[in-house]
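The structure appears below as C-alpha cells.
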Amino acid sequence: MLKTISMFTMIAISLVFQPAGFAQAAKQPLLTITGKINKTNTPDKKSYVITQAEFKKLPRQTIKATTDYSKDTSYTGPLMSDILKLVEADKNSKYIIITGLDGYKIRAPMSDFQKYEVIIADTAGGVPMTIDTKGPFWTIYPIDKYKAELNDVTTSSKMVWALVSIDVK
C-alpha cells in the first residue's frame, strides 16, 4: 500500500511540476549570435540569444542530406539565412564562424546561405536531436540536392553539430 501511494504521489508531483519545467526550458538560451549584427537582446547589446520557444517559431525547412554519419536522412529546422535575417546581420559581412559545443570552429562564407538552403536542424528523421544524435542543433547543407557542388570534405567540415554559436564577420 505504501509503495502504491508513493508511486501515485510521484506521478502527481511530476504532472504538477512538468509544465513549469517545460515553460522554463523554452526560455533557456540555445543559440548565441554575435558579431556584425544590428539586432541584439542581451544587456550588453553585443549578442542575440535565441531561446527554444523563439527557435520553434521560425519558418522551417526539411532537406535530405547524406552525411558521414547518416544516410539519406531528412533534417528539419530554420534556414540559416532566416536566422541571419532575424538578427539583422550586416549586409557587408563576408562570412560567419560556426562553433560547436566541443569548441570546434569553422568559417563559412555568407554566399553559402544565399546560394544553398542551409538549415540549422533540430530534428532528424522527424525525431528531436540530442547531444547523442549530433544536436540539439546541427548545421546541415543540402548535399543530396547539390551533389556535384557540395559532396566534399569542405562542405562536411562546415556541418557543425552541437552548434552553440554563430559569429558574423
Residues satisfying the stated conditions in the stretch 124-149, i.e. surrounded by 14 or more Cβ atoms within 10 Å (Cβ to Cβ), modelled with pLDDT of 95 or more and either assigned to a helix (DSSP H, G or I) or among the hydroxyl-bearing types (S, T, Y) (or both): T139, Y141, Y146
Residue in the stretch 72-86 that is of a type in the set (A, V, I, L, M), farther than 17 Å from T34 by Cα and free of Cβ contacts under 8 Å to residues at least 60 places away in the same chain present: yes
Output for the stretch 35-53, where each listed residue is basic (K, R) and touching a helix residue (DSSP H, G or I) at 6+ places or on another chain (Cβ under 9 Å): K39
Unmet criterion (only one of (1) outside any loop (DSSP other than H, G, I, E, B); (2) of a type outside the set (F, W, Y); (3) more than 27 Å from I143 (Cβ to Cβ); (4) at pLDDT 95 or above) for I11: (4)
Conditions (1) within 22 Å of D144 (Cβ to Cβ); (2) aliphatic (A, V, I, L, M); (3) modelled with pLDDT of 95 or more: number failed by A65: (3)
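Yes or no, residue by residue, for (1) modelled with pLDDT of 95 or more; (2) part of a strand (DSSP E or B):
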{"position": "Y69", "(1), (2)": "no, no"}
{"position": "D82", "(1), (2)": "yes, no"}
{"position": "N92", "(1), (2)": "yes, no"}
{"position": "I96", "(1), (2)": "yes, yes"}
{"position": "T99", "(1), (2)": "yes, yes"}
{"position": "G103", "(1), (2)": "yes, no"}
{"position": "A108", "(1), (2)": "yes, yes"}
{"position": "D112", "(1), (2)": "yes, no"}
Qualifying residues in the stretch 61-92 (those that are small (G, A, S) and surrounded by fewer than 20 Cβ atoms within 10 Å (Cβ to Cβ)) - the one farthest from G135 (Cα to Cα): S81
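The values are calculated or read from the model by the stated rules, or taken from the named source; none is laboratory data. This is a predicted model, so every value here is computed, not measured. Glycine also receives a Cβ, built like all others from the backbone with ideal geometry; neighbour counts cover every protein chain displayed.
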